[in-house]
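Just below is one structure, and these are the notes that go with it.
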Amino acid sequence: MAKLDAVPPQMTPATKIGLSIAVATGLYAISYGALGVAAGLSIWQVMALSLLMFTGGSQFAFIGVIAGGGGPGAAFGAATLLGVRNAVYGMQIKTMLRPRGVKKLLAAQVTIDESAATASGQSDPDEQKRGFWVAGIGVYVLWNIFTVVGALLGDALGDPKAWGLDGAAVAAFLGLLWPRLKSAEPVAIASVCALATILAIPLVPPGVPILIAALVAGVWGYFGRGPASEGLEPDVEPQTSLEDDE
């Protein structure tokens, strides 16, 4: 504890982790902004999604459905299903940090994969708070800045099909998901859901196949051996305590 106190607050391990995650995640928003415009959204619509929705996986799912010809309802449904996980994170953060007043509203907005993982990866309560706020606010600010950069670049490119961007939103979303699959069961679920999506594409309107895949995953999780989230690990590995090692 003395060693941690000797380090200035802005230089603590949690702060460094939060800042590095914020920069890496924020830069990824360039691709989101470009793909959002390529999918047919205006620059203002792309910016609004980052400001208000602010969850990368849901945003990529939204523009992926739109790019495939789906309606706003189907796109919103797909994005909402993926955003449910943030509610689970919210319960964990509420217990961990106990924010009050305006901080509770701000914490709800910046509770995402990265901020929750940074906080839960710390054993010291003060470090948990620093990690959460630095990662959460840092990602929010940089994600929105680079969304604008990407949207302007995407708008300048012109026809997305000429650059092969009409299918890039789906590829980018898969790039976010696949590295998080750490065990056999999540890989199996993802594979079955992908097959269900492929089979449904010729039979239902655009945007509906991803909802069918979500239903398949939900049924698997309900009747399976355990929670479907098992094996889905955050980007930051939690630190183990001495009690865990014993």
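Laboratory data are not the source of any read-out in this text; all were calculated from the coordinates shown. Everything quoted here is computed from the prediction, not taken from an experiment. Here the Cβ positions follow ideal geometry from the backbone for every residue, glycine too, while neighbour counts run over all protein chains shown.
Working note: Karplus 6.51/-1.76/1.60 with θ = phi - 60° gives the stretch 130-139 the couplings 4, x, 4, 6, 5, 5, x, 5, x, 5 Hz, where Gly and Pro are set to x. Rounded to the nearest angstrom and listed largest first, the equivalent-ellipsoid semi-axes of the stretch 9-60 from its Cα gyration tensor are 28, 10, 8. Taking other Cβ atoms within 10 Å as a rough exposure proxy, 146, 223 sort from fewest to most as 223, 146. The C-alpha radius of gyration of the stretch 1-141, expressed as a fraction of 2.2 N^0.38 Å, stands at 1.16.
Here the Karplus relation 6.51 cos²θ - 1.76 cosθ + 1.60, evaluated at θ = phi - 60°, turns the backbone of the stretch 26-34 into coupling constants of x, 4, 5, 5, 4, 5, 4, x, 5 Hz, with x for every Gly and Pro.
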